[in-house]
Amino acid sequence: MTRDACVLLDRADPLGAMRDQFVLDGGVIYLDGNSLGALSHPAIKQVRALLEAEWGRGLIRSWNEAGWIDAPRRIGDKLAALLGADPGEVIVADNTSVNLFKLLAGAARLRPERPVILTEVETFPTDLYLAAGVVDLLGGGREVRAVPRTELRESLDGRVALLMLTHVDYCSGYMHDMRALTEAAHHAGALVLWDLSHSAGAVPLNLNACAVDLAVGCGYKYLNGGPGAPAYLYVSRHLQPEMRSPLWGWMGHASPFDFSPTYAPGDGIARYLCGTPPMLAMAALEAALDLWLSVDLETAWRKSRALSELLIRLVDERGADLGFSVASPRDPWVRGSHVAIRHPEGYRIMRALIARGVIGDFRPPDLMRLALTPLYTRFVDVWDAVDRLVEVVAGRAYEAPPYAQRLAVT
Ligand SMILES: *Cc1c(COP(=O)(O)O)cnc(C)c1O
């Protein structure tokens, strides 16, 4: 492999032109789209239009005239296309943590005779915290059972109400077999909740084909919705009539503008709304999703796999002697769209790399994460990133004192 070969790959890339839709500084190689997706030009345009025309001139009329009031449902329907769900099964609201609370509590109460929420010890902490909080709130002998990945299947017994898993692991990038685990959970009589924060916009998804009951995920990672973008939740059509949200907000009421003193849950997915949607943030997310819907998804997944295969190959070829090892699965079919690289000096190396314009991130104890987002990453970026990675370690640049100091956000 050579840099010239990477240039040729970029020239042949059917998604090459998509990069121009993003605001990317030419001096920066951005490989952190799994933490915060890049800003797109359509998002700027849409937020500006919302500010100037819809809020500025339209004022309160825009709730009707600009379709603000329908935004959670409308944007949810757009997202459904990326998730392999039907319109009416996805809604955009709140953040992932709050949506986890709604679905965890809702699901636990659908299986009151089963006390266990089963999950994986290595899952993203907020998922563990929210499950523990729901168990604490609902009581009744409920418990969270967090087991190693290898023990998930044998732990699916008649006491499990819900299996909650992160589909793509935020550290290693390991991707669960959604179809097989959903089937195993159903076989045991449990419901399933998938956290898709590192999946949507990163890997192919088909929630309906996998018979998934519940799902949540982030808007600000691969979907490029912006910092703190609204998140989403999915409730399968078959569960919608019986399941309730524990948060009885007015926006989830069957008719909010009747101002009735008693709560009546809205139909279907609408009942998972709680309060007023944040329209500035919704506008940015909707523009970003429209970009996603303009690309052929199979082409995007193919490119994402090709980029990560290239990164792994270059790290193997050039980094092994310098102490780097690939911590992500080598099989692209069980891996998400980021690659974790292990090095005992990972934190300092990542800081030195960022100082040299290659932006990835770090997860303790020793993982550097590099995301290969298919909409704006080039093959030549992967080449140049590995080049600088090698340079930083071979030349010991990471030993400069400032890099040892931990920042608030890594
Ligand atoms: C990023 C991420 C979250 C983030 O939750 P927020 O409430 O949006 O901060 C939750 N779960 C997983 C698996 C994540 O990767």
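Read-outs throughout are calculated quantities, based only on the coordinates presented, and are distinct from any laboratory measurement. Because the structure is a prediction, the values reported are computed rather than measured. Cβ atoms come from the backbone with ideal geometry, glycine included; neighbour counts cover every protein chain shown.
Which percent, to the nearest 5, of DSSP beta bridges fully inside the chain are antiparallel? Spell out each step's value before the answer.
On the way: 22 of 40 bridges.
Antiparallel bridges: around 55 percent, rounded to the nearest 5.
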Q: Report the dimensions of the range 1-132 along its three principal axes from the alpha-carbon atoms, largest first, rounded to Å.
A: 61, 52, 27
(Q) Between D25 and I60, what is 0.36 nm times their sequence separation minus the Cα-Cα distance? Round to one decimal in nm. (A) 8.9 nm
Q) What is the distance in Å between the Cα centres of the range 156-209 and the range 284-315? A) 21
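Stokes-Einstein diffusion coefficient for the range 200-256 at 20 °C in a medium of 1.002 mPa s, Rh from the Kirkwood formula over Cα pairs: what value in µm²/s?
Details: Rh = 13.5 Å.
Taking Rh from Cα pairs, D becomes 159 µm²/s.
Quick one: plug the Kirkwood hydrodynamic radius of the chain (C-alpha pairs) into Stokes-Einstein at 10 °C, 1.306 mPa s, and report D in µm²/s.
Values: Rh = 22.3 Å.
It diffuses with D of about 71 µm²/s by this estimate.
As a test of understanding, state the convex hull volume per residue of the range 333-391 from its alpha carbons, in Å³. Before the final figure, lay out the partial values.
Working: hull volume 5.4 nm³, N = 59.
Normalising the Cα hull of the range 333-391 by residue number yields 91 Å³.
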(Q) Under 10 Å, Cα contacts only: if you run a Gaussian network model on the chain, which one of G219, G56, G357 comes out with the highest mean-square fluctuation? (A) G56
Q) What shape does the range 260-302 take by its C-alpha gyration tensor, where a ≥ b ≥ c are the square roots of the eigenvalues and a/c under 1.5 counts as rounded, a/b above b/c as prolate, and the rest as oblate? A) oblate
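Subtracting the Cα-Cα distance from 0.36 nm times the residue separation, let me have the gained length for D86 to R396 in nm, one decimal. Walk me through the numbers before you get to the answer.
Numbers: separation 310, 0.36 × 310 = 111.60 nm, distance 5.24 nm.
Contour length minus the Cα-Cα distance gives 106.4 nm.
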Q: Take the Cα pairs of the range 272-384, get the Kirkwood Rh, then feed it into Stokes-Einstein at 37 °C and 0.692 mPa s and tell me D in µm²/s.
A: 205
Q.
Ignoring everything except DSSP H segments at least 4 long, calculate the 222 nm mean residue ellipticity for the chain; use -39,500 (n - 2.57) per segment, divide by total residues, nearest 500.
A. -10500 deg cm²/dmol
Q | Fewest-first ranking of V90, V334, using other Cβ atoms within 10 Å as the exposure measure | A | V334, V90
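From largest to smallest, what semi-axes in whole angstrom does the range 191-312 give when each is the square root of 5 times an eigenvalue of its alpha carbon gyration tensor?
Computed over the range 191-312, the values are 32, 18, 11 Å.
For the chain, what's the relative contact order in percent, using C-alpha pairs closer than 8 Å and at least 6 residues apart?
Numbers: 779 pairs, mean separation 87.2, N = 410.
Relative CO of the chain lands at 21 percent.
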